[in-house]
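The values are calculated or read from the model by the stated rules, or taken from the named source; none is laboratory data. On a predicted model such as this, the values are computed, not experimentally measured, just so you know. Glycine gets a Cβ as well: all are built from the backbone with ideal geometry, and neighbour counts include every protein chain shown.
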Amino acid sequence: MADKLDSTSFVLMDYFAHETAVIDDGCTIGAGTKVWHFSHLMTGCKLGQNCNVGQNVVISPDVVLGNNVKVQNNVSIYTGVTCEDDVFLGPSMVFTNVVNPRSAVNRRGDFLKTVVRKGTSIGANATIVCGNDLGAYSFIGAGTVITKEVPAFALMVGNPGKQIGWMSKFGHRLEFDSSGNATCPESGEVYKFENNQVHCIDG
């Protein structure tokens with residue numbers, strides 16, 4: 001059901017929303033995106049094309065998701081979060097947006113921004129403390145707690161999260177030779193390690 005008729009506005013939409021999903025007025029949803037059971041998209045959020053929003057997901061106002069973002073079940077994406085294209089958010093992972101929350105203190109104006117760069121994967125039950133951007137194609141292991149900026153292609157595990165290696169775009173751990181080169185076993189792409197950073201030579 002890629003297309004459906006919105007009975008309230010009679011506008012043909014090219015995304016799918018399960019009948020139990022709640023989509024507030026003022027959301028932007030790209031073509032091919034799917035929103036599943038009991039999920040709630042709040043006013044002002046923006047979803048790109050071909051996203052998949054799993055069951056029991058909340059996407060708060062002004063959140064931005066790029067194209068082909070996969071959001072697994074039981075994830076809340078709070079105001080201040082931006083996910084670029086091809087990001088994977090694992091089941092029950094957690095974002096925050098205030099570093100010192102108190103129930104009796106209104107800190108709605110103190111939200112810290114978090115940017116999840118292109119191709120990043122965040123494992124199940126991981127926690128991303130707000131204000132810490134995640135570099136492109138970084139890989140956050142299940143249950144990891146991120147308390148600082150994460151470099152591109154970094155593999156992070158533990159609480160607090162520590163870097164234990166580097167990952168390819170295809171999600172394979174990279175093993176660098178004495179010249180600082182590594183090859184992804186799946187894609188064949190070559191990566192270079194220099195100046196404590198990794199980049200893909202092939203693009």
Subject >> Subset of region 172-201 [polar (S, T, N, Q) and more than 26 Å from the chain's Cα centre (by Cα)] >> reply: SER178, SER179, ASN181, ASN195
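Here are ALA136, ALA124: which of them is more than 21 Å from VAL94 (Cβ to Cβ), at pLDDT 95 or above and assigned by TED's automatic domain parsing to the domain that holds VAL57?
Details: ALA124 fails: more than 21 Å from VAL94 (Cβ to Cβ).
After ruling out the rest, the residue left standing is ALA136.
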Original post:
Does at least one position in region 106-124 carry a residue that is farther than 18 Å from VAL75 by Cβ and assigned to a strand (DSSP E or B)?
Top reply: no
**OP:** Any chance you could count how many residues in region 64-74 are under 19 Å from THR28 (Cβ atoms) and surrounded by 18 or more Cβ atoms within 10 Å (Cβ to Cβ)?
**Re:** 7
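On the given criteria, is GLU149 of a type in the set (D, E, K, R) and assigned by TED's automatic domain parsing to the domain that holds ALA126?
The answer is yes for GLU149.
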Original post:
Scanning for something aromatic (Phe, Trp, Tyr), outside any strand (DSSP E or B) and out of contact with any Ser or Thr (no Cβ under 9 Å at 6 or more places or on another chain), does region 148-163 turn up at least one residue?
Top reply: no
Original post:
If you check GLY158, GLY165, GLY171, which single one turns out to be surrounded by fewer than 16 Cβ atoms within 10 Å (Cβ to Cβ) and within 16 Å of PHE88 (Cβ to Cβ)?
Top reply: GLY171
Original post:
THR82 is checked against (1) surrounded by fewer than 19 Cβ atoms within 10 Å (Cβ to Cβ); (2) closer than 17 Å to VAL22 by Cβ; (3) hydroxyl-bearing (Ser, Thr, Tyr) and fails just one. What number does that condition carry?
Top reply: (2)
**OP:** Collect the residues in region 69-104 that are under 13 Å from VAL116 (Cβ atoms), in a loop (DSSP other than H, G, I, E, B) and without any contact (Cβ under 8 Å) to a residue 24 or more places away in the chain, keeping them in residue-number order.
**Re:** VAL69, VAL75
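Quick one: would you say ALA152 is farther than 14 Å from ILE122 by Cα, surrounded by 12 or more Cβ atoms within 10 Å (Cβ to Cβ), touching a Phe, Trp or Tyr at 6+ places or on another chain (Cβ under 8 Å) and in contact (Cβ under 8 Å) with a residue 12 or more places away in the chain? It would help to see each step written out before you state the result.
Numbers: farther than 14 Å from ILE122 by Cα: no; surrounded by 12 or more Cβ atoms within 10 Å (Cβ to Cβ): yes; touching a Phe, Trp or Tyr at 6+ places or on another chain (Cβ under 8 Å): yes; in contact (Cβ under 8 Å) with a residue 12 or more places away in the chain: yes.
Against the criterion (farther than 14 Å from ILE122 by Cα, surrounded by 12 or more Cβ atoms within 10 Å (Cβ to Cβ), touching a Phe, Trp or Tyr at 6+ places or on another chain (Cβ under 8 Å) and in contact (Cβ under 8 Å) with a residue 12 or more places away in the chain), ALA152 does not qualify.
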